[in-house]
Amino acid sequence: MIENIPTHDDFYKTGRELLDLSWGMIAKLLVNLDDAEYYGIDPEEVSEEYWSLAHRQLTTSLAITQQGIEFLIKGRICEISPYLLITDSPTKWPSPHEGIPIDFSKFRTIDAQDLIRVHDTFAAVNFDSEFVNKFNELRESRNVIMHSISASLDVQVGEVIDSLLYMHNSLFPDESWAKVRKQALESSPNSELGSVDFLSNEVNRELSIIVNLLSPSKVKNYFKIDKKMRAYFCPDCYYEANHDVDFDYKLARLMSKEESCEEIYCPICDLDYEVSREKCSNEEEECPGNVISDVYGICLTCGQH
């Protein structure tokens, strides 16, 4: 008898946690660089040296991303059967004759190089060639990171971000990564130290920086917003934000380019919100906005009632 058999949710939970850990490392580097101007430093003058010094953090983040993806693929396999994860011949399995149940963790599970083959052999739908190529490239990079001290591996920050978002989007096309990140921050250890008070600020700032780095097509694919359209405050994110510090992060977009459009989408909340198309009443700032939150009554251009 085998006990403590993992479920696909166990693997998905661990995989998402690892992706969040990788994202957090990258986000911290980007936020720190974004803070440079506050200290009187031109980010463009230090960026090359900055990223050179961050090489180890970038390679570690890439390795963690790959590890997270492996867990997510194991989750896919586990949905078919957890026993497909067991490798080695039966002669090498733990003995079933000792009178006690065998813990699943005692079995050796399949190597990363075999995950795609096992999945595609038994799954109803195979991974496409682009996903397989991306996975193998990441696996090879991870092997270099883990098994050598090669300085020739050039890891760019955009590469890690794009790999993480591409893989997550491929495995969970109906799931918003930005929402997953927000939920992870809500349940992080720092939430017990008061960080939840700045949660909306933090996740909006992270995503704003990364949206600026990505191409419009990738922003559309990963976050379902048109980067070229006018940006607005999300009504819920703005309401939840701590306004003791500046909050000027606009990520929401109208659902269409029609002047009569009365719905706005936020990639962090992964929700649509109803708005009214009325002229902003903020005469002091002469705000040109005409998108007003139906729930909070605030202008989503300037944030004023």
* Just need a number here: residues in the range 270-294 that are part of a loop (DSSP other than H, G, I, E, B) and of a type in the set (A, V, I, L, M). => 1
* Considering each of I41, I5 in turn, give the residue that is part of a loop (DSSP other than H, G, I, E, B) and either in contact with a helix residue (DSSP H, G or I) (Cβ under 7 Å, 6 or more places away or on another chain) or modelled with pLDDT of 95 or more (or both). => I5
* Structure fact -> Scanning the range 13-62 for residues that are basic (K, R) and in contact (Cβ under 8 Å) with a residue 12 or more places away in the chain gives R16
* Residue check, N204 against (1) surrounded by fewer than 20 Cβ atoms within 10 Å (Cβ to Cβ); (2) closer than 24 Å to L164 by Cα, all met but one. Which one? -> (1)
* Structure fact -> Restricting attention to the range 176-214, the residues that are in contact (Cβ under 8 Å) with a residue 12 or more places away in the chain, more than 13 Å from the chain's Cα centre (by Cα) and not in a helix (DSSP H, G or I) number exactly 1
* To do: Would you mind telling me which numbered condition in (1) assigned to a loop (DSSP other than H, G, I, E, B); (2) at pLDDT 95 or above; (3) of a type outside the set (S, T, Y); (4) touching a helix residue (DSSP H, G or I) at 6+ places or on another chain (Cβ under 7 Å) M229 fails?
  => (4)
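For (1) within 21 Å of H168 (Cα to Cα); (2) surrounded by 12 or more Cβ atoms within 10 Å (Cβ to Cβ); (3) modelled with pLDDT under 95, each residue gets a yes or a no:
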| position | (1), (2), (3) |
| --- | --- |
| E48 | no, no, yes |
| G75 | yes, yes, no |
| I80 | yes, yes, no |
| Y83 | no, yes, no |
| F107 | no, yes, yes |
* From the residues in the range 215-265 that are more than 18 Å from the chain's Cα centre (by Cα) and small (G, A, S), which one is surrounded by the most Cβ atoms within 10 Å (Cβ to Cβ)? -> A241
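Conditions tested, residue by residue: (1) of a type in the set (K, R); (2) at pLDDT 90 or above.
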| residue | (1), (2) |
| --- | --- |
| V125 | no, yes |
| V144 | no, no |
| Q156 | no, no |
| L165 | no, yes |
| D174 | no, yes |
| V180 | no, yes |
| V211 | no, yes |
| K218 | yes, yes |
* **Residue that is surrounded by the most Cβ atoms within 10 Å (Cβ to Cβ), among those in the range 2-46 that are under 23 Å from T65 (Cα atoms) and of a type in the set (S, T, Y)** => S22
* Structure fact -> When every residue in the range 85-104 that is of a type in the set (S, T, Y) and exposed (fewer than 13 other Cβ atoms within 10 Å of the Cβ) is compared, the one farthest from L138 (Cα to Cα) is S95
* To do: Using the structure shown, decide if K220 is part of a loop (DSSP other than H, G, I, E, B) and basic (K, R).
  => no
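The values are calculated or read from the model by the stated rules, or taken from the named source; none is laboratory data. Since the model is a prediction, treat every value here as computed from it, not as a measurement. Glycine also receives a Cβ, built like all others from the backbone with ideal geometry; neighbour counts cover every protein chain displayed.
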